[in-house]
Amino acid sequence: MRSILFFLFLSAIHSCTFKDDRFNEYFNQIDQQSTSLINQPKEIIKLSDKELEKYKKTGKKEYLISSKYTKMYLFRDTNLKQVPLAYEILKLNNDEYEFISMSCNFNLAFQFENSSPKLAMQFIDQAIHWNDKLKITKYTPHLYHIKGRFYYNQENYDKALYYFDKSLKSLLPDEQYFIASMYNNFGLTYDQLNKNDLAILKTQKGIEILESKNNLRPDEITFLTHMKGNFGFYYYKNGDFLTAEKLLLQEFNYYKEKKLYSNSIMTSERLFDIYAAIKQTDKEKEVIDYLVGIEPQLQKTHEKINVNEVIQKYYSRHHDFNNLQKISEKLILLNHASDDENHRNLKQTSDILNNYMLKTINEKSDYEINSQKKRNTFLMILIVLSVTIFMIMIIYTRKNTLKEKEIAENQKLILEKNEEILKQNIEFQEERIKNLQQNLHLKMETEKVFFENIKQIKKVKNIDIEKTLNDLFFKISNLIEIDKKNYDLMTESYGENDQFIQKLSNGFPFLTKKELKLCIYFRMNLSSKEIASLDNTTMGTIRVYKAKIKSKIGLKKNENLTDFLNNI
């Protein structure tokens with residue numbers, strides 16, 4: 001009963017959920033597939049639909065997660081679609097698979113980098129937390145890289161260097177592209193700390209690493225060109241305008257040829273500053289003409305602002321007040337538009353967060369209410385079950401106690417009755433032995449008198465023969481009567497003796513029939529003289545048999561044979 005109660009309680013409080021850890025690797029593979037299709041939206045949609053079909057067939061939520069996760073690559077440039085989708089996936093995952101928790105938190109950190117740096121830092125910390133639980137370590141350096149960049153944006157350059165260094169140490173030797181990127185980050189950070197020599201040294205190291213790689217991809221060539229532009233800028237800050245111009249022109253012409261207008265804005269500004277410093281007005285004009293030409297093709301307001309600010313500087317330097325006024329008015333409009341965009345984006349992002357948080361709070365509240373109801377119901381069932389089991393145990397224990405008490409009383413009565421019977425048996429046996437001993441004594445006395453009479457007959461010559469014979473006949477009759485009484489006493493014990501002899505024979509099979517018979521007399525504690533009279537032998541013979549029996553059954557000389565036999 002106790003074990004049943006324990007099992008019921010154990011079942012009530014213990015529940016386990018199991019996840020398939022293989023899905024972490026599966027999600028990683030989905031991520032790699034989606035990355036390879038990043039510029040092929042139709043293929044990404046196909047992959048997402050394929051995962052959705054798996055979900056419909058199996059009902060496993062993991063395939064629903066992978067279907068939605070793939071769609072994130074469709075909206076990589078759309079913050080307003082990325083954020084709610086990432087939240088939805090996180091909610092669906094419910095912290096079950098570390099890869100999804102890591103990746104979605106990383107995505108949200110990236111999305112909030114500019115609009116909410118504090119929130120972005122919280123997300124990247126969560127991403128690092130979940131990444132630490134993963135067996136997949138290839139994402140570790142990139143998470144440290146982003147955290148270092150966040151600190152760089154906050155102008156906390158010491159911590160930025162710390163996490164850039166952690167990222168570098170986490171990279172594999174064959175990841176030259178990312179290793180070069182870390183050295184570029186070191187250069188940018190040392191530049192902000194006004195350590196231009198270190199900035200040049202670290203950036204040069206990054207350039208050498210990437211140049212040592214064979215068969216550079218287009219994105220790697222673009223990044224290498226960008227690093228050379230940064231390298232030139234550091235020379236510009238050191239006053240080496242010739243080297244700076246050469247390196248920045250390489251970057252500028254590359255972006256111009258590839259029509260990477262957004263990338264070329266900062267390079268154009270740096271070249272403009274060099275030409276302004278060395279007073280090469282014609283080259284200044286070339287840069288400004290280029291910026292004026294690409295400005296209509298730029299899509300992002302903040303890029304238009306950057307371009308027009310450089311143009312504004314040019315008109316200001318050359319005192320072209322007419323164009324300066326126009327460009328200033330344009331910048332005012334662009335800044336208003338940027339403020340409106342930022343306000344709108346911030347509002348939309350806030351709405352998304354608020355709606356998500358409100359929805360989460362409501363769901364959490366509903367969940368807690370339902371959970372509380374379930375807990376209350378479960379508690380009531382448990383209480384009823386516990387009370388029922390407790391009552392059953394009390395009834396069972398009480399019934400069992402009464403039964404045990406009844407059995408004990410019956411056993412006591414039986415013991416008392418057996419004790420009385422045993423006492424009677426002992427008294428009866430003692431009386432029987434006493435009678436046997438008296439009869440034996442009487443027989444011996446009669447035999448003694450009989451023997452004396454025979455001796456008298458021999459001595460007396462003239463005797464009355466008839467009288468003598470009658471007297472002898474009388475004494476012989478007495479002896480026969482005594483033997484008959486002894487026989488009756490012995491016969492009463494035959495049943496008991498048979499059992500005794502059987503047990504003794506089983507325990508000591510080497511005893512002879514004669515020895516077994518004598519053991520009956522020894523058990524009755526008869527003397528050697530009494531046994532000799534019963535067995536019609538001598539006392540010496542009985543003593544020899546007694547010593548022989550003790551030796552056979554392994555008794556020492558000082559041990560009592562009668563006590564031993566009575567214990568059988």
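Any read-out appearing in this document is the output of simple, stated calculations on the displayed coordinates, not a laboratory observation. Just so you know, these numbers come straight off a predicted model, no measurement behind them. No Cβ is skipped: glycine too gets one built from the backbone with ideal geometry, and neighbour counts run over all protein chains shown.
Between residue 562 and residue 22, the distance separating the two model label sites (each 7 Å from Cα on the Cα→Cβ line) works out to 8.9 nm. Subtracting the Cα-Cα distance of residue 417 and residue 539 from 0.36 nm times their residue separation leaves 39.8 nm of extension gain.
Legend: calculated FRET efficiency, residue 46 to residue 329, from the Cβ-Cβ distance at R0 = 56 Å, rounded to 0.05, equals 0.70. With the cut-off at under 11 Å, measuring from each backbone N in region 227-248 to a point 7 Å along the Cα-to-Cβ line of residue 278 picks out 236, 240-248.
Give me the net charge for the shell around residue 245: Cβ to Cβ below 10 angstrom, other residues only, Lys and Arg +1, Asp and Glu -1. So the surrounding residues net to +2. With θ taken as phi - 60° and the Karplus curve 6.51 cos²θ - 1.76 cosθ + 1.60 applied, the whole-hertz 3J(HN,Hα) list for region 505-510 is 5, 5, x, 9, x, 7 Hz, x standing for glycine and proline. Note on residue 309 and residue 285: with the Förster distance fixed at 25 Å, the Cβ-Cβ geometry gives a FRET efficiency of about 0.90. Label zone (residue 80, point 7 Å along Cα-to-C-beta; backbone nitrogen cut-off 19 Å) within region 283-305: 299-303. Other residues lying with their Cβ under 11 Å from the Cβ of residue 514 contribute a combined charge of +1, Lys and Arg counting +1, Asp and Glu -1. For region 505-567, the fraction of C-alpha pairs farther apart than 13 angstrom is 60 percent. Projected onto planes of every orientation and averaged, the convex hull of the alpha-carbon atoms in region 107-243 covers 9.0 nm². Determine, from the Cβ-Cβ distance of residue 382 and residue 129 and an R0 of 51 Å, the FRET efficiency 1/(1 + (r/R0)^6), rounded to the nearest 0.05. So the FRET efficiency works out to roughly 0.90.
Take 209-219, 39-49 and order them by the average number of nearby Cβ atoms within 10 Å per residue, most first; the result is 39-49, 209-219.
The modelled label-to-label distance between residue 250 and residue 237, using points 7 Å beyond Cα along the C-beta direction, is 2.0 nm. Using the average count of surrounding beta-carbon atoms within 10 Å as a protection proxy, the listed peptides 407-416, 330-339 rank, highest first, as 330-339, 407-416.
Can you tell me what percent of all Cα-Cα pairs in region 22-136 are more than 22 Å apart? Of the Cα pairs, 29 percent sit more than 22 Å apart.
Label-to-label distance for residue 201 and residue 159 is 2.6 nm, based on points extended 7 Å past Cα in the beta-carbon direction.
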